[in-house]
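Here the structure comes first, spelled out in structure tokens, and everything after it is commentary.
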Amino acid sequence: MNQLHWLLRAKRWVQNPPSPGRVKLVFAVIAICLVIVGIEHFFGWPDWMTVNRLRQKP
């Protein structure tokens with residue numbers, strides 16, 4: 001049943017494709033995410049963004 005839903009959704013997408021601006025926006029967001037992942041991979045996670053662990057109750 002889920003396959004039929006995605007097939008109908010693909011049919012609608014082919015009939016009414018997104019605008020070039022929307023496609024550029026999606027690719028820009030993906031590129032920004034990949035840049036952030038690359039920076040994190042090569043330079044590490046900054047200490048100021050790490051959440052301090054809460055103390056456990058005894």
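What follows draws every value from the coordinates through simple rules; no lab data is involved. None of these values were measured; they are calculated from a predicted model. Heads up, the Cβs are rebuilt from the backbone with ideal geometry, glycines too, and the neighbour counts pull from every protein chain shown.
Observations
- Exposed trypsin sites (Lys or Arg not before Pro) absent - longest run of the chain, DSSP non-H/G/I/E/B, at most 12 other C-beta within 10 Å: 1-52
- With the helix formula -39500 (n - 2.57) applied to DSSP H stretches of n ≥ 4, the chain reaches a computed 222 nm mean residue ellipticity of -22500 deg cm²/dmol.
- Segment 8-17 - phi-based ³J(HN,Hα) in whole Hz, Karplus 6.51/-1.76/1.60, Gly and Pro as x: 5, 5, 5, 5, 5, 5, 5, 6, 10, x
- Dimensions of segment 19-58 based on its C-alpha atoms, expressed as ranges along the principal axes with the largest first, amount to 58, 23, 12 Å.
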